[in-house]
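Only the coordinates and a few stated rules stand behind these numbers; no lab work does. Everything quoted here is computed from the prediction, not taken from an experiment. When we count neighbours, we look across all protein chains shown, and the Cβ atoms used for this are built from the backbone with ideal geometry, even at glycine.
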Amino acid sequence: MKPNPNHQEVAEFRELLRGAGLRSTAPRLAVLRVLGKSKSPLTHAEIADMLVPLGYDKATVFRNLNDLADVDLVTRTELGDHAWRFELRDPSDPTSGRHPHFVCVDCGSVTCLTDVEFNDATKRRAAQIGQVTEILLKGHCTSCR
Ligand SMILES: [Zn+2]
Ligand SMILES: [Zn+2]
């Protein structure tokens with residue numbers, strides 16, 4: 001039998017779901033695989049575009065995205081364009097998925113800035129202002145500049 005390159009990944013996702021108390025269902029595994037392959041957060045529409053041809057309907061994809069977000073396996077972010085974007089997070093790292101994003105004002109592409117962090121003084125200042133839910137940088141990406 002030929003080794004299946006996806007086998008290990010599926011086993012890891014099953015383990016993640018079990019750890020979060022969710023059943024491993026085909027749509028949940030499909031959603032996790034799409035998010036696992038992406039380097040940036042994806043909208044529901046983008047995820048549905050990939051999964052509808054595989055036989056999952058949009059409502060199923062949306063429901064499962066929200067199930068995964070509810071148990072913190074996936075983060076939901078809103079980057080100012082009224083679209084939720086979803087991103088896989090590492091449940092063993094409490095800060096995973098809580099990073100700033102760069103949005104290109106020309107093409108709308110989103111980049112994760114996992115190494116950009118508030119320093120302590122900025123964190124204190126932010127806490128005085130309110131609860132920061134998203135840090136957003138905007139500009140022209142290298143392919144649009
Ligand atoms: Zn761009
Ligand atoms: Zn991100």
Item checked: At 0.890 mPa s and 25 °C, Stokes diffusion of the chain via Kirkwood alpha-carbon radius, µm² per second -> 147 µm²/s
Next item on the list: Rounded to the nearest 10 degrees, what's the angle between the helix 58-70 long axis and the longest principal axis of the chain, both from Cα atoms, 0 to 90?
Entry: 60 degrees
Item checked: Per-residue [θ]222 nm for the chain (sum of -39500 (n - 2.57) over DSSP H runs n ≥ 4, rounded to 500) -> -12000 deg cm²/dmol
Item checked: Qualifying trypsin sites (Lys or Arg not before Pro) in region 35-100, DSSP loop, other Cβ atoms within 10 Å at most 12 -> K39
Checklist line | HN-Hα J in Hz across region 31-39 - Karplus 6.51, -1.76, 1.60, θ = phi - 60°, x for Gly and Pro | finding: 5, 4, 5, 4, 5, x, 7, 8, 8
Checklist line | Loop-located GluC sites (Glu not before Pro) in region 66-145 whose Cβ has at most 14 other Cβ within 10 Å (DSSP) | finding: E117, E134
Check: Straight-line reach from K123: which aspartates and glutamates have Cα under 20 Å away, leaving out those fewer than 8 places along the same chain?
Finding: D93, D115, E134
Item checked: Dipole of region 1-89, positive direction: furthest Cα of G19, M50, S40, with charges on the beta-carbon -> G19
Next item on the list: Give, rounded to the nearest 20 debye, the magnitude of the charge dipole that the chain has about its Cα centre when Lys and Arg contribute +1 at Cβ and Asp and Glu contribute -1 at Cβ.
Entry: 120 debye
